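**Q** Dumping the structure here so I can ask a few things about it.
Read the figures in this text as sums done on the coordinates, not as results from a lab. All values derive from a computational prediction rather than experimental measurement. Counting neighbours? That spans all protein chains shown, and the Cβs are built from the backbone with ideal geometry, glycine included.
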């Protein structure tokens with residue numbers, strides 16, 4: 001081989017990159033001091049961009065396609081070289097291939113809980129995790145801001161930076177979403193789309209976009225989940241008294257399974273008998289009581305009317321009647337419906353009292369004598 005053949009062998013005829021990895025974002029063509037021959041072929045495949053860097057400055061960017069490297073294809077490089085008459089000799093330049101496909105195996109998660117304010121539960125600590133896709137949209141910005149002169153820039157070198165950025169924006173997104181905590185599961189897609197837009201805007205200066213952001217799970221602290229489970233069971237039970245019985249029955253079952261001593265067994269037996277009697281009584285149809293039921297508690301009374309209207313309620317035969325004004329009460333006194341022992345209540349009173357103990361009502365009886373004592 002002659003001298004000219006050896007020199008020609010040092011010139012590069014084809015500049016290309018076939019990616020055999022799934023995590024390489026930027027790959028520098030290994031020139032090794034070899035010069036690229038004028039007229040060499042540049043092959044840029046789909047999902048790639050080739051960036052020529054000369055003396056530390058980005059010169060030309062080539063989109064997917066096949067190019068013959070000549071003066072007309074390298075206008076910026078020719079300008080940087082300052083060749084007035086074009087160039088036909090080999091030249092030296094660094095060539096970086098940048099992958100523009102989506103990297104879909106990017107994971108994120110909150111190492112520490114994010115504190116948000118919920119309208120129903122107050123301040124709550126949330127944890128979340130998911131995945132996102134990232135892609136390069138501005139190769140020149142990526143080289144300037146992140147990759148630099150790294151000959152093989154991988155996703156692992158930027159993933160932690162992206163994760164920190166995501167977690168930093170997650171709290172703001174959850175706080176401003178206005179979604180109650182119990183509805184977050186149904187709104188995860190909307191929150192993901194919102195975060196994708198926010199992150200894309202944030203990463204624009206470094207040439208990266210986030211086309212897809214997925215929230216796989218948002219979890220609560222165990223104690224909050226336990227409280228929600230308790231509330232759900234109460235909602236299913238409906239009646240609080242029945243729920244108490246349900247809890248007691250569970251406790252009895254636990255005591256029965258406890259291999260304790262005789263004292264524990266006796267206590268369990270006693271509780272079982274008492275519980276059985278109570279449950280049997282609750283299942284037996286109730287008979288009408290001989291005496292009238294007590295008047296309803298104050299909590300069951302409708303909201304009080306203004307005091308100026310002097311509205312009264314009375315308890316007759318265990319049932320609440322009213323409201324009546326003072327004139328109507330006087331008529332009830334005359335009809336014998338309202339007696340001194342009749343329970344009365346008005347807004348502002350702490351509970352039901354006999355009529356004779358309430359001055360405003362007692363005066364209505366006037367000179368009416370009390371009922372005769374029972375015959376012996």
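**Q** How many angstrom separate the Cα center of the range 181-225 from the Cα center of the range 146-165?
**A** 21
**Q** Now for a separate question. In nm, to one decimal, how far is the residue 227 label point from the residue 150 one, both placed 7 Å along Cα→Cβ?
**A** For the pair residue 227/residue 150, the computed spacing is 4.4 nm.
**Q** Suppose R0 equals 51 Å. What FRET efficiency, 1/(1 + (r/R0)^6) with r the Cβ-Cβ distance, do residue 129 and residue 357 give to the nearest 0.05?
**A** 0.15
**Q** So, one more: Given an 8 Å cut-off on Cα distances and at least 6 residues of separation, report the relative contact order of the range 103-222 as a percent.
**A** With pairs under 8 Å counted, the relative contact order is 38 percent.
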